[in-house]
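The values are calculated or read from the model by the stated rules, or taken from the named source; none is laboratory data. Just so you know, these numbers come straight off a predicted model, no measurement behind them. Cβ sites come from the backbone with ideal geometry, for glycine too, and all protein chains shown count toward neighbours. Note: accessible area is taken over every heavy atom of the protein model, side chains too, but ligands, DNA and RNA are not part of it. Shrake-Rupley method; radii C 1.70, N 1.55, O 1.52, S 1.80 Å.
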Amino acid sequence: MIKYLKYYLSTLFLILGIYTCTLGSLFPSIFFISFSLVIILGDMILGEDLSLSDYKYPQLINYPMYLNLFLLLLFVLITIFLLGDSNQNWFSNFLYQYLNIDLISTKNSITVLDKISLIAITSLYIGVMGTVPGHELTHRKREKIDMFFGNWLLSLSWDCTFAIEHVYGHHKNVCLPIDPATAKRGENIYLFIVRATIREHVDAWKIELSRLKRRSEYKFGIKNKMIVGYARSLTITLISFLVGGLIGMCMYLLCAFIA
């Protein structure tokens with residue numbers, strides 16, 4: 001069973017993050033530094049894991065990716081509350097009652113450095129704990145449960161295009177000039193990120209509209225995966241507003257953009 005445990009490291013770090021970052025002043029900064037050191041030193045010392053193993057219970061590898069959605073959403077909402085300007089205490093009351101987490105005390109004690117650390121760790125978590133497993137799950141086109149969790153994980157970073165353009169476009173056109181996710185020789189990395197992001201959205205729309213046309217479906221209805229994807233992300237954005245007010249919502253969008 002030990003070989004399965006490494007797949008639960010992301011789940012463990014999410015749980016540790018939820019509790020450590022809510023302990024009060026300086027703890028978010030301590031956790032961000034500690035998490036960064038674990039990742040950096042882990043890569044330096046352990047290197048790549050090139051081992052191949054047989055898994056008798058492959059579903060045990062899927063469970064942490066499913067759990068990540070709920071834990072990551074909880075972590076994001078905690079950050080939104082701590083950084084936000086909402087006076088609504090229903091969220092903090094819920095966490096205090098069921099998880100014994102005192103968000104009000106934490107919010108009143110954290111420093112500016114803690115707030116920067118929360119933005120940094122939340123952005124990292126959305127990318128590492130959200131986009132990466134979402135990437136894996138949305139390749140499983142025939143598995144409805146995997147697609148459900150994968151699309152919701154990607155929606156945390158407003159990346160509904162990935163499940164469409166990456167799977168149906170990039171896989172076919174990788175390294176060709178028409179592939180938005182392939183950088184040109186010598187291209188500036190930051191310009192590439194901007195160009196790729198915009199073109200991936202454009203290409204994803206083209207792929208989806210073409211699919212709907214072949215099926216004689218209404219192009220801008222509920223069967224349009226792009227519209228449904230935007231709706232998922234918009235739902236999370238609205239929840240962030242309810243939890244953290246306007247500033248909290250802006251903090252969430254900032255983290256999603258960085259991720």
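I'd like the residue in the stretch 112-135 that is of a type in the set (A, V, I, L, M, F, W, C), farther than 9 Å from Ile258 by Cβ and open to solvent by less than 30 Å² (accessible area, probe 1.4 Å) and, out of all such residues, is modelled with the lowest pLDDT. Among those that are of a type in the set (A, V, I, L, M, F, W, C), farther than 9 Å from Ile258 by Cβ and open to solvent by less than 30 Å² (accessible area, probe 1.4 Å), it is Met129. Of the residues making up the stretch 179-207, just one is assigned to a helix (DSSP H, G or I), open to solvent by 90 Å² or more (accessible area, probe 1.4 Å) and of a type in the set (Lys, Arg), namely Lys206.
A quick yes/no check of all residues on (1) at pLDDT 95 or above; (2) over 21 Å from Ile119 (Cα atoms); (3) touching a strand residue (DSSP E or B) at 6+ places or on another chain (Cβ under 6 Å); (4) open to solvent by 50 Å² or more (accessible area, probe 1.4 Å):
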| residue | (1), (2), (3), (4) |
| --- | --- |
| Leu5 | no, yes, no, yes |
| Leu12 | no, no, no, yes |
| Leu23 | no, no, no, yes |
| Asn68 | no, no, no, no |
| Ser86 | no, no, no, no |
| Asn89 | no, yes, no, yes |
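Taking Ser157 as the residue in question, decide whether it is at pLDDT 90 or above, surrounded by 19 or more Cβ atoms within 10 Å (Cβ to Cβ) and not in a helix (DSSP H, G or I). In short, yes. Set side by side, the residues Ile80, Ile101 differ, and just one is aliphatic (A, V, I, L, M) and assigned to a loop (DSSP other than H, G, I, E, B), which is Ile101. Among the criteria (1) over 30 Å from Ile80 (Cβ atoms); (2) open to solvent by less than 70 Å² (accessible area, probe 1.4 Å), the one Leu176 does not fulfil is (2).
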